[in-house]
1. Through the Karplus equation 6.51 cos²θ - 1.76 cosθ + 1.60, θ set to phi - 60°, convert the phi angles of segment A:52-62 into ³J(HN,Hα) values in whole Hz; use x for Gly and Pro.
2. Compute the label-point distances linking B:Asp2 to its equivalents in the other copies; points lie 7 Å from Cα along Cα→Cβ; give nm, one decimal, shortest first.
3. Counting only residues 5 or more places away or on other chains, whose amide H sits under 5 Å from the amide H of A:Val125 once H atoms are built in the peptide plane?
4. If you bin the C-alpha pair distances of the protein assembly as shown every 10 Å from 0, what whole percents do you get?
5. Mind checking the mean number of beta-carbon atoms from other chains within 10 Å of the Cβ atoms in C:33-43?
6. Regarding segment A:42-92, what are the three Cα extents along the principal axes, ordered largest first, in Å?
7. Using Cα pairs closer than 8 Å and at least 6 residues apart in sequence, work out the relative contact order for chain A, in percent.
8. Kindly sort C:Lys22, A:Lys65, A:Lys119, B:Lys4 by accessible area of their heavy atoms, largest first, with the probe set to 1.4 Å.
Amino acid sequence: MDTKKRKEIVPIHDEVERAVRKSGVKEGFAFVSAMHITSSVFVNDNESGLWQDILKWLEEVAPEKSDYEHHRTGETNADAHLKRLAMGHQVMLPITGGVLDLGPWEKVFYGEFDGQRRKRVIIKVFGE
Amino acid sequence: MDTKKRKEIVPIHDEVERAVRKSGVKEGFAFVSAMHITSSVFVNDNESGLWQDILKWLEEVAPEKSDYEHHRTGETNADAHLKRLAMGHQVMLPITGGVLDLGPWEKVFYGEFDGQRRKRVIIKVFGE
Amino acid sequence: MDTKKRKEIVPIHDEVERAVRKSGVKEGFAFVSAMHITSSVFVNDNESGLWQDILKWLEEVAPEKSDYEHHRTGETNADAHLKRLAMGHQVMLPITGGVLDLGPWEKVFYGEFDGQRRKRVIIKVFGE
């Protein structure tokens, strides 16, 4: 996936549902995990106002600033590493009867905190 | 489960142990996940003072306030969504020899941040 | 594992890779979880400056202080419980073709927030 902004929340629920259908798994799990250490995978509400709240909140919890030790390496994205840790980077989605067995409002999202680069998410479906 | 207060921590360890026994699984995992996007499932200490510390801490980390974007939808619970993200909403509990293979103090809890409604947790046991 | 300091980040990636090789699993997962409720298992960057940033950040997010309710029990480590909750305590690492299927910078670490005691991590590899 290509992200357009430095910080962005991207819905990936449909891709996960497609992977579940394609797998033919009836009883099991879809594992979804960010392969980049400055991004997150999480389950929450499909509401764009809330996504803005999440990004604003993360800026308070783990602000962009210049004096991180990590920046001695030449990187400038320590805040993005911390944001990922606060949010978590992977989820397991249960599958029952061939479909995702989630609550009525649970949707899967990718959270990018150091984007504008090509990014990957791994989806692994297992079960029977 | 019915929660009595808006914010509450509820022990669910016994229910999970019962599900493991009932499943007959000897080697595998119990997956436990909150089906509501304003609540959490987590593993920590069975000590009520700590539960109070957790709720107080979450109020500092992600406070109730009126000016969240999410509230334009008519909802007033954006803080509960953020609290869930900070705490995580699911755990995998390893099973060895037919019982939960946890550290001596590890117990499973449900954290409700927008309660007084009927809430559901999914428990899925898998393995052999 | 023995931790030398109260708060410390310990690389455990090699141990996990060894367990995967030893298991012979080609397609599956390595589950890694802290068995102590004041410690964390997480995936991030193998860069010691960032580890310092993480520990400093956790001190801001969940500071050591005396007035936690949990301390009425005689314990003095409520902050370590909160740090673990903020960071998460377990990860699933996908295995494809017999090796860990991670992003280029993803490495596994143990985060200890109340150390100088003997600590355990459970590694459970499953699949085919």
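1. Along segment A:52-62, the couplings run 4, 4, 5, 5, 5, 4, 4, 5, 6, 5, 9 Hz.
2. Distances between equivalent label points, in nm: 5.5, 5.5.
3. Under 5 Å from the amide H of A:Val125: A:Phe31.
4. 5, 24, 37, 27, 7, 0
5. 5
6. Sorted from largest, the Cα extents of segment A:42-92 read 38, 25, 14 Å.
7. Relative contact order of chain A: 54 percent.
8. Ranking C:Lys22, A:Lys65, A:Lys119, B:Lys4 by accessible area, largest first, yields C:Lys22, B:Lys4, A:Lys65, A:Lys119.
The values are calculated or read from the model by the stated rules, or taken from the named source; none is laboratory data. Bear in mind that the values here come from a model prediction, so they are computed numbers and not experimental data. With ideal geometry, Cβ positions are generated from the backbone for all residues, glycine too; neighbour counts draw on all protein chains shown. Accessible surface areas use protein heavy atoms only, side chains included; no ligands, DNA or RNA. Shrake-Rupley method; radii C 1.70, N 1.55, O 1.52, S 1.80 Å.
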